[in-house]
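Here the structure comes first, spelled out in structure tokens, and everything after it is commentary.
The values are calculated or read from the model by the stated rules, or taken from the named source; none is laboratory data. Remember, it's a predicted structure, so these values are computed and weren't measured experimentally. Every residue, glycine among them, receives a Cβ derived from its backbone with ideal geometry; neighbour counts consider all protein chains shown. Side chains included, ligands, DNA and RNA excluded: accessible areas come from the protein's heavy atoms. Shrake-Rupley method; radii C 1.70, N 1.55, O 1.52, S 1.80 Å.
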Amino acid sequence: MTSVGFVTPILGQEKPTAPIMLEGRTLFYVSESGQYTAEQRAKEANSQLGKIFTEGESPISVGIDTNQDVPIITINDRYFLSVTSNDVPVGKSLQGQALAWKNTLEIAISKSEYERKPQYYIKAIIIAIAILFLAFILSWKLGAIWQRWLKPLTTTKTDPNPLTSTTSNQPLTVTPTESSFNFQLVGLLVLLTVIRGIIWIIALGYISRLFPQTRQWSDFVIEILQVSLITDVFPLGNQKYSVLDFFILIGLLGGVITLTRTVSRVLKSKLLSATGLNRAVQDTTALIVNYTLIFLGTIVVLQVWGLDLSSLTVFASVLGVGVGLGLQGIAKEFVSGLVLIFERPIQVGDFVEVDGLMGTVERISVRSTEIRTLDQISVILPNSRFLESEVINWNHSSSISRLKIPVGVAYGSNLEAVKKVLIDTAKNHRDILSMPSPQVFFSEFGDSSLNFTLLVWISKPYKQFQIKSDLYFNIDSKFREEDIEIPFPQRDVHFRSSDRPPQNLSPELINSLTTLSNSLAMWLETNSNHHTIQDKNKEIQSKKMTKKDNSQTYDNDTRN
């Protein structure tokens, strides 16, 4: 056991090696030898292989010189590489290793010579065109799948009757059938885009490996990508992470979010719907489970990823200061959302009125609440609005509410007939409850009418405007049948002369006013006479012109 303990660490240590390559192909690996490192030996050997094809020597022969202490591989009778004991694996001899490397070199050189012939270039070009065509077909088919099958699903499906609901007494609004539907479609679009990109990368990478001139460039690009992705360059805590590590973290977090959304949706559609709970409790429970799973999943992913959460204490303190200073609004809405979710003053499906907006609550999140108004318009309100302002919840604890219908009739009307018409009209409406029964109250003697108030009870608050309109139409029709007058406001205006004492005018002022009046009368008379004379002159001139035209007409007729 002691000998095994000493030997095991030695066997476990790997020798540093470097590849011998020919035009982008790795042939074999060499180890360090004496004062030369593995990189130095590989660099020298690769340089000699490159010179052989650059100088264009043909044919190229590979041999083994066994006259030295160690076998030496030669190319065209020139030194290429020595085979040392460090290059030989356990259980193999120096001669056997030299022979294996010689065969590998001969095969690689023969293949490289063939790849420089015209017939190979023609074959490679045909293969490259076929691969490009195949990649284009696959990419086009994936795009067709999106355009034909997935993209049409993004159109919003609406309920044919927006005023009725199968799950509650609230109106169905124009909303998608699945809350996470768009998220799934976006994920599918991203997945298809990534697959199409991978197809083109594989196709271009394979084509670059067909030609010796591009094979080295592709290896260079791949090596740069490997180094940039694998090298640890981002310090976090006591460890460093590479770009690839962050891509893995993003993928894991995306998988956690997708998994939690799926679990939440299955919980809501399969389990909670079978319990008979109302819509609001189901949405609240599913939302709490979703955020809880995301939080726990994120912690587990960070631990598996290798991040020590204790290193995030400084970041958490900075984040807390940012929330206290720059993110006060977001923190305020977040806390308000938690209060709405747990305290539940409003729930999904409630018909509410806040700051003059009336509508049905469609969604409650940790930051905002969506309300669908009676005009079928979605209004996104911050959660704090529901805690800082007065909110009328028509469905809170019960959806039954009372409406007040004010009605006025003329003085002298039959009040018993008025009461009977109002009660019968309310009872005949299908949306008005029979229990509690409608009531009529004589409110007051108004300025122009006798005012009554009709009180009715309804179970659909979102239809209150329609119910009021129907009642007013029916009441007006019944009043006309019973000759009951609905008055309009009337006012009598009386004018009374002033009781001020007469004021005495001076004689000079009276004479001046008299003179002015006489002058004005003379001027008006003069202008009237002047206009009369002008009108007479115009009439005479018109008669003369008429006689002249008639005489000319007579002369022309006589000549003819």
Length added when fully stretched, LEU415-SER469, from 0.36 nm per residue minus Cα-Cα: 17.2 nm
Karplus (6.51, -1.76, 1.60) ³J(HN,Hα), θ = phi - 60°, over segment 355-361, in Hz, Gly and Pro reported as x: 6, x, 9, 10, x, 9, 6
Accessible carbon and sulfur surface of segment 185-295 relative to its total accessible area, %, 1.4 Å: 74 percent
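Sorted by packing (mean other beta-carbon atoms within 10 Å per residue), highest first, where do 296-303, 462-469 land?
Per-residue mean Cβ counts within 10 Å order the peptides as 462-469, 296-303.
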Additional length obtainable on full extension of the chain from SER93 to SER61, 0.36 nm per residue less Cα span: 9.2 nm
Length added when fully stretched, SER398-SER434, from 0.36 nm per residue minus Cα-Cα: 11.3 nm
Of all accessible heavy-atom area on segment 366-417, the percent that carbon and sulfur account for (1.4 Å): 51 percent
Restraint check, LYS420/LYS478; LYS427/LYS463; LYS268/LYS463; LYS15/LYS240, Cα-Cα greater than 21 Å: LYS268/LYS463; LYS15/LYS240
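At 1.4 Å probe radius, can you tell me the per residue accessible area of segment 243-303 in Å²?
Dividing the accessible area of segment 243-303 by its residue count gives 59 Å².
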Calculated from backbone phi, Karplus (6.51, -1.76, 1.60) coupling profile of segment 376-390 in Hz, x at Gly/Pro: 6, 10, 7, 10, 9, 10, x, 5, 5, 4, 7, 9, 9, 10, 6
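Where only protein heavy atoms count, and the probe is 1.4 Å, what is the accessible area per residue for segment 333-461 in Å²?
Working: 6500 Å² over 129 residues.
For segment 333-461, the solvent-accessible area averages 50 Å² per residue.
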FRET E, pair ARG78, VAL263, Förster distance 51 Å, beta-carbon r, rounded to 0.05: 0.15
Residues of segment 205-229 with amide N under 14 Å of a point placed 7 Å along Cα→Cβ from VAL243: 221-229
Largest to smallest principal axis extent of the C-alpha atoms in segment 51-144, angstrom: 67, 35, 16
